[in-house]
Amino acid sequence: MTLDTKQHLLIVEDDKGRREFVLNASLYSIGRDPRCDIRLASQFVSRRHATLVQLPQEDGTFYYRVVDGNLKGKPSANGLLINGRKLQAHDLQNADEIVFGPQVRAIYYLLNRDEGTPVPPDEFDITLISPNMVGRPEESAS
């Protein structure tokens, strides 16, 4: 049995902004209810909107499955859109997008732990150019 060298990360965006959750427990409840493990701030989200379940793989690692509703089989009011498709359950892959409702979504990342500090891609990432990096016009006119 090998040690899982992957880090499971869920980035949630809702009415409260953007939050990151490192996943390592076997079960997470997701929804509006204050008792949920991952609480979503939106009136369009069910109290118990979805459940994340950790499942083992043959190589000793694990993966997460997202399931609509609670574990007792009660579905959410609006369902789940995963990568644009309405699904009852889905085995999460890197960069999967889960939409819970208007303006409420989560992105799942599966990162290698040995790559240092994991930094998911930032859609607001900007590269600044120093004036020294750009050639001056008088240099190229020779």
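The values are calculated or read from the model by the stated rules, or taken from the named source; none is laboratory data. These figures come from a predicted structure and were not determined experimentally. Ideal geometry is used to build each Cβ from the backbone, glycine not excepted, and the neighbour counts take in all protein chains shown.
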>> Pairs please, first residue from region 23-35 and of a type in the set (Val, Ile, Thr), second anywhere and in a loop (DSSP other than H, G, I, E, B), Cβ atoms under 9 Å, 6+ apart in sequence or on different chains.
In response: Ile30/Cys36; Ile30/Asp37; Ile30/Leu40; Ile30/Val45; Ile30/Arg48; Ile30/His49
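Please find, among Ala41, Ala50, Ala89, the residue that is among the small types (Gly, Ala, Ser), at pLDDT 95 or above, surrounded by 12 or more Cβ atoms within 10 Å (Cβ to Cβ) and farther than 19 Å from Asp14 by Cα.
Ala89
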> Inside region 1-22, can you point out the residues that are touching a residue at least 40 places away in the same chain (Cβ under 8 Å) and either farther than 19 Å from Gln54 by Cβ or surrounded by fewer than 11 Cβ atoms within 10 Å (Cβ to Cβ) (or both)?
Replying inline: Met1, Thr2, Leu3, Glu13, Asp14, Asp15
> Do any strands (runs of 3 or more DSSP E) entirely within region 1-58 hold 3 or more residues that are of a type in the set (A, V, I, L, M, F, W, C), and if so, which?
Replying inline: 6-14, 17-23, 50-56
> Quick check: anything in region 52-60 more than 20 Å from Asp96 (Cα to Cα) and not charged (D, E, K, R)?
Replying inline: yes
> Looking at region 59-82, which of the residues that are small (Gly, Ala, Ser) and touching a residue at least 24 places away in the same chain (Cβ under 8 Å) is surrounded by the most Cβ atoms within 10 Å (Cβ to Cβ)?
Replying inline: Ser76
